[in-house]
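Since the structure comes first, as structure tokens, the remarks are kept for the end.
The values are calculated or read from the model by the stated rules, or taken from the named source; none is laboratory data. The model shown is predicted, which means the values in this text are computed figures rather than measured ones. For neighbour counting, all protein chains shown are included, and Cβ atoms are generated from backbone atoms with ideal geometry for every residue, glycine included. We work out accessible area using only protein heavy atoms, side chains counted, and drop any ligands, DNA or RNA first. Shrake-Rupley method; radii C 1.70, N 1.55, O 1.52, S 1.80 Å.
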Amino acid sequence: ESFDISPLPVKIGNVKAASGRPASGTVNGAMKALLCTHYGPPDELTHADIPAPTAGPGEAVVRVKAAALNYFDTLIIAGKYQHKPAFPFSPAAEFAGEIESVGAGVTAFKPDDRVIGHIGWGAAREQVAVAVDRLVAMPAEPDFDQAAGLPVTPGSPPYPLQAPPNPTPTPPPA
């Protein structure tokens with residue numbers, strides 16, 4: 001299933017920041033974002049200009065090249081998930097991109113480093129400010145589209161298969 005919010009092409013499963021803006025992703029301090037302004041289906045998300053973020057201490061601003069939209073994102077925008085961000089918010093927890101700038105105390109990353117990250121929601125926009133402990137360095141392969149879906153989804157299915165069984169219930173503490 002696909003829908004288009006021009007000029008930001010969106011497909012369920014992948015969001016690309018494709019605004020044709022300069023490398024910084026901003027014009028006059030504004031950037032494009034896909035926003036949820038009320039609970040509803042994906043085709044009711046809106047496209048808007050919002051203020052570009054700045055990096056605080058221990059944070060980096062990432063130019064989002066791709067953001068993954070998963071099943072839980074559809075639950076969040078429908079108001080059916082345990083986390084309910086304040087409106088307006090951007091969906092998409094997982095993303096891949098390049099560091100735009102870093103805040104005070106950040107030494108692990110520098111501008112133009114390729115990174116993958118996870119923030120819960122908010123990545124369906126041209127830039128995001130994120131604590132650097134939510135980022136990992138991204139190798140040359142895979143590409144941004146593939147890397148955006150790596151933080152959450154691949155780690156979920158194997159867990160139940162790897163968790164040791166506990167056939168004997170543990171009694172409650174006395």
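From the list GLY20, GLY25, exactly one residue is surrounded by 15 or more Cβ atoms within 10 Å (Cβ to Cβ), at positive phi, modelled with pLDDT under 95 and not in a strand (DSSP E or B). Which is it?
Numbers: GLY20 fails: surrounded by 15 or more Cβ atoms within 10 Å (Cβ to Cβ).
Going through GLY20, GLY25 in turn, the sole match is GLY25.
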Hey, does the stretch 36-53 have a residue that's outside any strand (DSSP E or B), of a type outside the set (Asp, Glu), at pLDDT 95 or above and within 30 Å of THR107 (Cα to Cα)? yes
Would a scan of the stretch 59-77 turn up a residue that is open to solvent by 40 Å² or more (accessible area, probe 1.4 Å) and part of a loop (DSSP other than H, G, I, E, B)? no
Scan ASP112, ASP133 and give me the residue that is at pLDDT 95 or above, under 18 Å from THR54 (Cα atoms), open to solvent by 70 Å² or more (accessible area, probe 1.4 Å) and in a helix (DSSP H, G or I). ASP133
What number of residues in the stretch 74-90 are in contact with a helix residue (DSSP H, G or I) (Cβ under 9 Å, 6 or more places away or on another chain) and under 24 Å from PRO57 (Cα atoms)? 2
